[in-house]
Amino acid sequence: MEELDYSLLYQAYSAKGRNPAVDPKTMCKILAYAYSQNIYSSRKIETACRRDINFMWLLAGQKAPDHSTIARFRTGFLAEACENLFYQMVKRLGQADELSKETVFIDGTKLEACANRYTFVWKKSVGKWEEKMFQKIQEAVHLLNHEYLQTFSVSVETRTQDLQKISRFLEEKCRTDGTVFVNGRGRRKSKNQRYAELFRSFLERQRNYDWHTASFQGRNNYCKTDPDATFMHMKDDHMRNAQLKPGYNVQIAVDSEYIVAADIFQDRNDVWTLIPFLKTMEEKLGLRYPSVTADSGYESEEGYSFLRENRQKPYIKPQSYEKWKKRSFKKDISKRENMGYDEKADTYTCHAGKSLFPLFIKKQKSKSGYESEVTVYECEDCSGCPYKEKCTKAKGNKRLYISKSFLEKRQESYENILSETGIKYRMNRSIQVEGAFGVLKNDYGFQRFLLRGKTKVKLEILLLCIGYNINKLHEKIQKERTGSHLFAVKGTA
């Protein structure tokens, strides 16, 4: 860390005013070392600076910082520079021939956010209550126009602006008429007061709904105490009730046992994180890995297409790979894999010997906007077939929905993982990237973020990765394993 360029970190400080109590470069080293030693709380780091000889050596005679100085530095000054420092470290590892740059292992895990577990807001619920209120608004506007002889209207697209216009009209009406607002038991409210209060409450609720809608950011839910967090199913479900908890999807890329890239996502599904993660990795590292190794959670036609365009070889396990091995799957006559296919005629043959012909092609658009073509096949006649109950639940003829492009790309990846290199990569993926998460979550005890907000959460995971890489390099030096990249498959070494 001594050889890294800290100029971006120093730029975060103002040229005016007094100098920081502890040199920023030293503070960065202290935080990196603290995270490598499973110390994450600013108060515990302060205690370590006063009592631990290693932290005292890092301070080099400077006064030990207090917890508020550490917290202010971590969330304020280091937030912008931490990512730059992390990727500088990765590049330094590459220059020292510690990285193979042959393939990258990608995996993700969900970590709980520093947020209340029972402060969720659901998109469907907000939409339902907003629609109910809109019906009441329409009725109230109709009565208002009748009472005051006006022509107000509230539309779905501009409901907030329309409600503001009506509220301003009623406030002006109350002012010109000299309306006295009354409250309490036995006091009758005037017509002006009743309408003014009603539409003011409508406007406040509508603004609240608008705030919720903006906070979703394309998600189905968000957390009130940390709006960037998404409610997800966690692996450590100790209550065994599939409880949703606010969290983040942490993605890391590993090469030669070092974490070479890390990012935070709000998507619960790994499949939507692959492309943006690879783009960020290439941009930050300045290199494109020749191949990508990942588990079945990352498989999609869009992902395969992206890798092919970038000339990156996919080693991605198909989602149904484990099912294909089972005897029950091989005996399932409803599955496409168990049907005969005539490539020239482009027809499938079912268990009863009848043909499924292509009916039409439909286009599907994914969440990210990727468009794929799906060919729909239909059986010539399923009436009176003795195997129909086992083959399909449709009332009419059986249909198959098949994306030929996806099947072709999946077959390529399937052949890759069955090759000698593919077997070696798959074994190393389970050791290296899943092993890295095992160390971070269990050995380092990092099960929950301490900071809130996507930017600060990313800062925490980057500091953790810096600490992990330092420990990994130290371990390799001690065991004389520097320069080793992949573990050999048993029986081939």
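The values are calculated or read from the model by the stated rules, or taken from the named source; none is laboratory data. All of these numbers come straight from a predicted model, not from anything done at the bench. Methodologically, a virtual Cβ is constructed for each residue, glycine included, from the backbone with ideal geometry; neighbour enumeration extends over all protein chains shown.
Table: residues versus (1) within 26 Å of Lys279 (Cα to Cα); (2) surrounded by fewer than 14 Cβ atoms within 10 Å (Cβ to Cβ).
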{"position": "Asp5", "(1), (2)": "yes, yes"}
{"position": "Asn19", "(1), (2)": "no, yes"}
{"position": "Val22", "(1), (2)": "no, no"}
{"position": "Gln37", "(1), (2)": "no, no"}
{"position": "Phe55", "(1), (2)": "no, no"}
{"position": "Ala71", "(1), (2)": "no, no"}
{"position": "Met89", "(1), (2)": "yes, no"}
{"position": "Glu102", "(1), (2)": "yes, no"}
* Asked: Right, Lys313: touching a residue at least 12 places away in the same chain (Cβ under 8 Å) and among the basic types (Lys, Arg) or not?
  -> yes
* Under the condition of being more than 32 Å from the chain's Cα centre (by Cα) and of a type in the set (Gly, Ala, Ser), which residue from region 103-158 is nearest to Lys424 (Cα to Cα)? -> Ser155
* Do any strands (runs of 3 or more DSSP E) entirely within region 174-289 hold 3 or more residues that are of a type outside the set (Phe, Trp, Tyr), and if so, which? -> 230-233, 244-255, 258-265
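Residue-by-condition table, conditions (1) within 26 Å of the chain's Cα centre (by Cα); (2) farther than 30 Å from Glu257 by Cα; (3) in the same structural domain as Arg308 (by TED's automatic domain parsing); (4) among the basic types (Lys, Arg):
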site	(1), (2), (3), (4)
His351	no, yes, no, no
Leu356	no, yes, no, no
Ile361	no, yes, no, no
Gly369	yes, yes, no, no
Glu373	no, yes, no, no
Lys388	no, yes, no, yes
Thr392	no, yes, no, no
Lys395	no, yes, no, yes
Lys424	no, no, yes, yes
* **Residues satisfying the stated conditions in region 87-121, i.e. without any contact (Cβ under 8 Å) to a residue 24 or more places away in the chain and within 14 Å of Cys223 (Cα to Cα)** => Tyr118
* So is Phe437 closer than 19 Å to Ala34 by Cα and either touching a helix residue (DSSP H, G or I) at 6+ places or on another chain (Cβ under 6 Å) or part of a strand (DSSP E or B) (or both) or not? -> no
* **Lone unmet requirement of (1) in contact (Cβ under 8 Å) with a residue 24 or more places away in the chain; (2) of a type in the set (Gly, Ala, Ser); (3) farther than 18 Å from Lys458 by Cα for Ser36** => (3)
* **Residue ID - surrounded by the fewest Cβ atoms within 10 Å (Cβ to Cβ), chosen from residues in region 144-189 that are of a type in the set (Asp, Glu) and in contact (Cβ under 8 Å) with a residue 24 or more places away in the chain** => Glu147
* Asked: Has region 34-57 got at least one residue that is under 28 Å from Gln447 (Cα atoms), of a type in the set (Phe, Trp, Tyr) and within 33 Å of the chain's Cα centre (by Cα)?
  -> yes
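For every residue, the table says whether it meets (1) within 19 Å of Ala60 (Cβ to Cβ); (2) among the basic types (Lys, Arg); (3) in a helix (DSSP H, G or I).
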| residue | (1), (2), (3) |
| --- | --- |
| Arg18 | no, yes, no |
| Ala21 | yes, no, no |
| Lys29 | yes, yes, yes |
| Ala48 | yes, no, yes |
* Asked: Quick check: anything in region 442-452 crowded, with 18+ Cβ neighbours inside 10 Å, under 30 Å from Phe77 (Cα atoms), of a type in the set (A, V, I, L, M) and touching a residue at least 40 places away in the same chain (Cβ under 8 Å)?
  -> yes
* Structure fact -> In the set Gly61, Gly94, Gly108, Gly76, the lone residue that is small (Gly, Ala, Ser) and closer than 30 Å to Lys235 by Cα is Gly108
* Which members of region 272-300 meet the condition of being more than 25 Å from Gly94 (Cα to Cα), surrounded by fewer than 20 Cβ atoms within 10 Å (Cβ to Cβ) and either of a type in the set (A, V, I, L, M) or in contact with a Lys or Arg (Cβ under 7 Å, 6 or more places away or on another chain) (or both)? -> Ser296
* Select from region 424-460 the residues that are basic (Lys, Arg) and more than 15 Å from Val250 (Cα to Cα) and list them in ascending order. => Lys424, Arg426, Arg429
* Residues located in region 357-379, provided they are touching a Leu at 6+ places or on another chain (Cβ under 6 Å) and surrounded by 16 or more Cβ atoms within 10 Å (Cβ to Cβ) -> Tyr377, Glu378, Cys379
* Could you give me the residue pairs with C-beta distances under 6 Å whose first residue belongs to region 243-268 and is in the same structural domain as Val292 (by TED's automatic domain parsing) and farther than 24 Å from Ile431 by Cα, whose second residue is among the small types (Gly, Ala, Ser) and buried (at least 24 other Cβ atoms within 10 Å of the Cβ) wherever it lies, and which are 6+ apart or on separate chains? => Pro246/Ala113; Pro246/Ala229; Gly247/Ala113
